[in-house]
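First up is the structure itself, then whatever we jot down about it.
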Amino acid sequence: MQTLLIVPIMLHYLWNNTTPSPHHFNRRFRVVVYGVLHIIKHHSTYILAFFLVLMMAIFGLPMIEANTDYVRFFKESNVLRADYQKIEESKYAQSYVNVVLTFPENSDYASRENFVATLRFEQAIEALPEVRKINTVTHLLREVDKAFNGSEASEMAFREYGANQVSQLLLLAEASGNNDVTELITGERQQVQLVVMTDYMSTKELNHFRQRLKDIQAQTLPVEVKMSITGTNVLWSNMDDRLVHTQLLSLIITSVVILILLPIIFRSLVLGLFGFFVSFLPILFTLGLMAWVGVTINIATCIIGGVVIGIAVDDTIYFLFRMRGEMKQGFSLSYAIKRAIWITGKGMIITSLILMGGFLTMTASDFLPSAYFGLFFAISICIALLADLFLLPVILYWVYGKGLKSL
């Protein structure tokens, strides 16, 4: 809206008495035009080279991963990352996961079957390489057992306890005033909580860890016992997954809408498809490049696609509308392409350079998602500009051109 209202007013007052130059642009911009004309003359070679680069990018797409690692969000020189590395080197736990077991209504934790199954479940979790320690009601009961029966109380005897003995240990633990018991088991003993202290894990590693917990559940617990995996880190992981998936879904929906609208806008299926292809190309190239260099999709980089396609399709529409307008005046396709580049190309270059320069400043950030977003966004804008100025004219001439005389 401000472009339609404010900009015309500014132009009227600032450049009202300015005499326009008889030449469309300065000599330096002629390099771009002549470069496009040169590419058109040798279109077969350039199209082949373009498709080779495109195929390399597409082959990289299957390698791209959605993964958020909050520790590695910061550069190695950052204090926060250095602190996490010190904790890791000291072998202390850096994170935790809460595992809640819910027993069926006709039984509880103290029953012989559930007690033994919980012991097996905890032992299997402790054997996982990511686990540093687990805090459970079973560990507390073991300490209570040693306190009342002497330090020589054996693990084997503890494992053989029945429902009455486990209930007595729970009663003793509650009577001792230890609040940890009430935090790890409900009053009805229908639910117990295991606090699993682990190494720091990225969202991808945490998802794998959750799957291993489910496998252990299937191997050690009765079918009736339900397991829930909770905790702040799990909530963050779920949020990241949903954020990435919804952003990708938004990109798909946006692409479908653009694919439908462009042929309607241009009243040409072929022009609409070409416009969509050129607009979507920067996203394919950028995602493929991210995969090749090992940059993952996370809460910052997942929004690149939706932003870039909106900017890229703008330039594509401007160029195609100008080209069609020139052709309606009776100019040949080759001259219409040349005029479209002369008239719209400079504005496309200037706006793209401004956007690229602005977002490249983000690469100085210690917060790597911001740095990666700025870098790959600038790359996407650069690819979008090159595709509109050099690839789109070549494709149009390749499909519609009938000769090179007017060049």
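Please treat every number below as a calculation from the coordinates, not as lab data. In this text, all values refer to a predicted model and were calculated from it rather than measured experimentally. Virtual Cβ from ideal backbone geometry, glycine too; neighbours counted across all protein chains shown.
A few notes on this one:
- The chain - charge dipole about Cα centre, Lys and Arg +1 at Cβ, Asp and Glu -1, debye rounded to 20: 3300 debye
- Taken about its Cα centre, region 92-230 carries a charge dipole of about 360 debye when Lys and Arg each add +1 at the Cβ and Asp and Glu each add -1 at the Cβ.
- Net charge of Cβ neighbours under 13 Å - reference V196; Lys, Arg +1; Asp, Glu -1: 0
- Take the Cα of L54, step 7 Å toward its Cβ, do the same at E89, and the gap between the two points is 5.0 nm.
- Placed amide H near K133: partners under 5 Å, 5+ positions off or other chain: M197
- Computed over the Cα atoms of the chain, pair by distinct pair, the Kirkwood hydrodynamic radius stands at 26.6 angstrom.
- Whole-Å semi-axes of the ellipsoid equivalent to region 92-230 (Cα gyration tensor, √5λ, descending): 25, 17, 14
- Highest-fluctuation residue, S250, S167, S90 considered, GNM on the chain with Cα pairs under 10 Å: S90
- Over region 92-230, Cα pairs under 8 Å with separation of 6+ residues give a relative contact order of 52 percent.
- Projecting the Cα atoms of N135, F209, L194 onto the charge dipole of region 92-230 (Cβ charges, centred on the Cα centre) puts F209 farthest toward the positive pole.
- Tilt relative to the chain, helix 112-126 - C-alpha long axis, 0 to 90 degrees, to 10: 50 degrees
- Degrees between helix 163-175 axis and first principal axis of the chain (Cα, 0 to 90, nearest 10): 80 degrees
- The alpha-carbon atoms of region 56-159 define a convex hull whose volume equals 199 cubic angstrom per residue.
- Choice from M323, M348, M63 showing the highest fluctuation, given a GNM over the chain with Cα pairs closer than 10 Å: M63
- Close Lys-Lys pairs in the chain, where close means Cα under 27 Å and separation is 8 or more or interchain: 28
- Local electrostatic count at A300 - Lys and Arg +1, Asp and Glu -1, tallied over other residues with Cβ under 14 Å: -2
- Degrees between helix 43-60 axis and first principal axis of the chain (Cα, 0 to 90, nearest 10): 10 degrees
- Relative contact order for the chain: 24 percent, from Cα pairs under 8 Å spaced at least 6 residues apart, divided by residue count.
- When both region 51-90 and region 357-379 are represented by their alpha-carbon centers, they are found 15 Å apart.
- Inter-centroid distance (Cα atoms) of region 97-140 relative to region 154-185, Å: 13 Å
- Based on DSSP H segments of at least four residues, each scored -39500 (n - 2.57), the chain has a per-residue ellipticity at 222 nm of -22000 deg cm²/dmol.
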